[in-house]
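Contents: one structure, followed by commentary.
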Amino acid sequence: MKHIDTVIFFPLYKTIGPIIITLISVFFFKEVLSVKEFLGIVCGILVPLGLVTKAENKIQKNLFLGIALMALTAILTSVTGTTAKSLMNLHLSMAVYLFARGVFGMLFSSIIWKVKSKKPKKYNSKGIMLVGFPIGLFQFLGIFTFTHALTGNLAVVSTINSFSILIPIILSIIFYKEHFNLRKGIVILLSIISIILFI
């Protein structure tokens, strides 16, 4: 997100991820999609087509690197979602899964922090802790509800979850003054249509 606007990052990230998960859902878990669900996913796929343009490339710091990192993030997230679905199918304890995920997440985060802290750059540790606590809490609640929802159709759950992009896009435009145009308005409309199709 250092290289591209959130209005580019989130739609692409939240669309590529569900595409990967949908393929896994259909071909690996043998889940069946209804016509409405399929149309909802198609509308979601159309979202990034309205965002990546030459005009956007001039505005972004490094569009190619940003998209490459976003794609890697989407792949890793898809693997995580698929793993969680597999565990839910085995009726394993959700509490144990969340605990293990939290422990290993903290372990790897500590390693990254240790490496970063050796560099001369100064960090506002107090500020990070104040911001990190509520973010960590909301992230835990998000993971908990998402994992619990995986008892349903993986492709549908993932696609519905993907349209949380509406929140950061709107907030970024309001608070960070990121540019907004008709094209992005259409993208938001497509996201809303997708959500309606899943109802």
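Please treat every number below as a calculation from the coordinates, not as lab data. As the structure is a computational prediction, the values presented were derived from the model and not from experiment. As a convention, Cβ positions derive from the backbone with ideal geometry for all residues, glycine included, and neighbour counts pool all protein chains shown.
Taking a point 7 angstrom from the Cα of Phe99 along the C-beta vector, which residues in the stretch 145-177 have backbone N less than 20 Å away?
Counting backbone N atoms under 20 Å from the label point, the list is 145-148.
Given the pairs Lys14/Lys36; Lys2/Lys85; Lys2/Lys116, which span a C-alpha to C-alpha distance of over 25 angstrom in this model?
Lys2/Lys85
Between the alpha-carbon centers of the stretch 67-88 and the stretch 156-199, tell me the distance in whole angstrom.
Computed from Cα coordinates, the inter-centre distance equals 20 Å.
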